[in-house]
Amino acid sequence: MPKLEYISQFQKVLVHSNFCQSAGFSTQRFFNSSSKNANNQVVRETNPSLVKAAFREKLIDERVKAKKGGGEIRIDKIHQRGSLTARERLELLFDEDSFYEFDQLKAHRCTEFGMGKKHIPGDGIVCGHGLINGRTVYSFSQDFTVFGGSLSETHAGKMMKVMEMAKRVGAPVIGLNDSGGARIQEGIDSLAGYADIFQANVDASGVIPQIR
């Protein structure tokens, strides 16, 4: 294989590896093949095609997890008390098939109090934009099935991103709140998130409509 072509393929592997890590995916199984050499040693697979295939598989799995939120048991509890889930509320609010979600797989980065082992894609809030009666509207909906809808650093960041994007295009923001408050495991980072959100509310006041 020509040297430049080899380097190009290797760069693609690194790009996918770095993207997986930034999205919270483990890349270990992407590069570990079940095959072994003559010395009974595991042979690591660095074929870009296999890396891409494994990434796509993981991406689909993570998207399914994000849409399930905290899981079927917690969703059933929400329904039993006569409430709707975060996604069901957005489906009713927006015109059919018009809502576009962003940051669907973004998760918290807290490692304290066992949180390092508890990562749910989306981190308890669904954010995006769509059409309401044909007009562009931005919105976020807190998901009580994920950590009680508690606000983390990441959760707050996603909420502020919605407001910032709405200001750029002069569109209204609708917030659907369903939260137990600050995520105590994150301590001051969570409280700082509230401060940032309140400041964003002030900055958007008089600039765009805000309904919460």
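Computed from the coordinates by the stated procedures, all read-outs in this text should not be read as laboratory data. Bear in mind the structure is a predicted one, so any value in this text is a computation, not a measurement. FYI the Cβ positions are ideal-geometry reconstructions off the backbone, even for glycines, and counts take in every protein chain you see.
Side notes on the structure shown:
- Region 70-211: C-alpha gyration tensor shape, a/c 1.5 cut-off, then a/b vs b/c: oblate
- Full extension of the chain between Tyr100 and Ala53 gives 14.4 nm of extra length, using 0.36 nm per residue less the Cα-Cα distance.
- Most to least packed among 74-83, 187-196 [average Cβ atoms within 10 Å]: 187-196, 74-83
- Gain on full extension, evaluated as 0.36 nm per residue between Thr46 and Ser205 minus their Cα-Cα distance, stands at 52.1 nm.
- Taking amide hydrogens as placed 1.01 Å from N in the peptide plane, the amide H of Asp178 sits under 5 Å from those of Gln142, each at least 5 positions away in sequence or on another chain.
- Magnitude of the charge dipole for region 70-211, about its Cα centre and with charges confined to Cβ atoms of Lys, Arg (+1) and Asp, Glu (-1), is about 140 debye.
- Around Gly149: net Lys/Arg minus Asp/Glu count, Cβ-Cβ under 9 Å: -2
- Derived scalar couplings ³J(HN,Hα) [region 128-135; Karplus, 6.51 cos²θ - 1.76 cosθ + 1.60; whole Hz; x for Gly, Pro]: x, 9, x, 10, 10, 6, x, 10
- Model label sites at Glu164 and His119, defined 7 Å from Cα along the beta-carbon direction, differ in position by 2.2 nm.
- Nearest-0.05 FRET efficiency for Asn177 and Ile73, computed from C-beta distance (R0 25 Å): 0.65
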